[in-house]
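See below for the structure under consideration.
All of the numbers you see were taken from the coordinates with simple rules; none came from a lab. Worth saying up front: this structure is predicted, and the values here are computed from it rather than measured. FYI the Cβ positions are ideal-geometry reconstructions off the backbone, even for glycines, and counts take in every protein chain you see.
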Amino acid sequence: MSKSTRLLIVFLFALAGVPAVSVADGGVAWETLSGQEQKVLKPFKERWDQLPAERQQKMREGAERWSRMTPEQKQKTRQRFNRWESLTPEQRKRLRQRKEHFKQLPPDQQEQLRKRREWFRQLPQEKREELRNKWKGMSPEERKVFKQKHRQRREQMKPEQRQRMRENSKQRQVR
């Protein structure tokens, strides 16, 4: 297993962030892990017995997920990890804050954002770049006005109109 893969796994497991507890408090001894688990979790071998039982369990679940991933999924995960590693601490902080904000939103708003993100991802690369550049070119005040107008327009629409708009958008994507 490459060093970057081990770092990726360490990073993924570090996100679990559970307070420290010893093996005596319900953890699992390293020797009882399967060979595959030991291989994936090797970076933690020396301090495994000092990890909290909850964190050990999350790490074992992560190792299981990793072992079930296809090579393509593992490659995508490595790419995401490398992208994360290239971010500045401030960028990471902002992303964590945005994630927390997203988690606080009502489920219907979360779903709406997921759909919008997917819509955006389905656009041709040139169109995405055009929209990004347009957004970047706006001042904070212009962005605020844009969001308000868009929100008001959506709220004034009847559900059938919103559905038609979504269907039309999907049809344009197919062309």
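Odds and ends about this structure:
- Residue match in the stretch 102-109 (condition: surrounded by 12 or more Cβ atoms within 10 Å (Cβ to Cβ), farther than 22 Å from His150 by Cα and of a type outside the set (Ser, Thr, Tyr)): no
- Inter-residue pairs, beta-carbon under 6 Å, first surrounded by 13 or more Cβ atoms within 10 Å (Cβ to Cβ) and in the stretch 63-76, second of a type in the set (A, V, I, L, M) and part of a helix (DSSP H, G or I), 6+ apart: Ala63/Val40; Trp66/Val40
For (1) β-branched (Val, Ile, Thr); (2) under 19 Å from Gly26 (Cβ atoms); (3) free of Cβ contacts under 8 Å to residues at least 40 places away in the same chain, each residue gets a yes or a no:
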site: Arg47; (1), (2), (3): no, yes, yes
site: Met59; (1), (2), (3): no, yes, no
site: Pro107; (1), (2), (3): no, no, yes
site: Glu111; (1), (2), (3): no, no, yes
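- Unique match (being farther than 27 Å from Arg65 by Cβ and without any contact (Cβ under 8 Å) to a residue 40 or more places away in the chain) among Lys103, Lys127: Lys127
- Of all residues in the stretch 95-120, those satisfying the criterion of being of a type outside the set (D, E, K, R) and out of contact with any Phe, Trp or Tyr (no Cβ under 8 Å at 6 or more places or on another chain) are Leu95, Gln97, His101, Phe102, Gln104, Leu105, Pro106, Pro107, Gln109, Gln112, Trp119, Phe120.
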